[in-house]
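Some notes on the structure that comes next.
The values are calculated or read from the model by the stated rules, or taken from the named source; none is laboratory data. Treat the numbers as computed from the prediction; the structure is a model and nothing was measured. Positions of Cβ are generated from backbone atoms using ideal geometry, with glycine treated the same way; all protein chains shown enter the neighbour counts.
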Amino acid sequence: MYLPDYHRQDDTGAIYRLIQSHPLDAWVCTGPAGLIAKHIPFILDCSQGKLSVLMGHVSRKNSVWQQFAKGASSVVMLQGPQAYRSPEW
């Protein structure tokens, strides 16, 4: 993904605060029929892992946990406040 310098965020604390203040995110994974995208509540557990662990909760009635291809890669798209900063031309 192209990330212009003016959108770059290297402050881990700011990133963690964004994750913690906007817990409903889009989880995209693969299943037998292809891509699956679901909105899932996530929490950041700062007591685990080198850089923390992002944990999601999936209801038993949400079929994604049965369809998710074991061992497959997935992506969580964090959805926080959107802001536009015009580039320096």
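What to note about this one:
- Tally of residues being touching a strand residue (DSSP E or B) at 6+ places or on another chain (Cβ under 8 Å), at pLDDT 85 or above and farther than 23 Å from Ile15 by Cβ across the stretch 54-73: 3
- Cβ pairs under 7 Å, 6+ apart, first in the stretch 61-76 and in contact (Cβ under 8 Å) with a residue 12 or more places away in the chain and in a loop (DSSP other than H, G, I, E, B), second surrounded by 11 or more Cβ atoms within 10 Å (Cβ to Cβ) and of a type in the set (S, T, N, Q): Ala69/Thr30; Ala72/Thr30
- Of everything in the stretch 1-49 that is assigned to a helix (DSSP H, G or I) and of a type in the set (A, V, I, L, M, F, W, C), the residue that is farthest from Val76 (Cα to Cα) is Ala14.
- Qualifying residues in the stretch 74-89 (those that are of a type in the set (S, T, N, Q) and surrounded by 10 or more Cβ atoms within 10 Å (Cβ to Cβ)) - the one modelled with the highest pLDDT: Ser74
- Output for the stretch 18-73, where each listed residue is surrounded by 12 or more Cβ atoms within 10 Å (Cβ to Cβ) and at positive phi: Ser52
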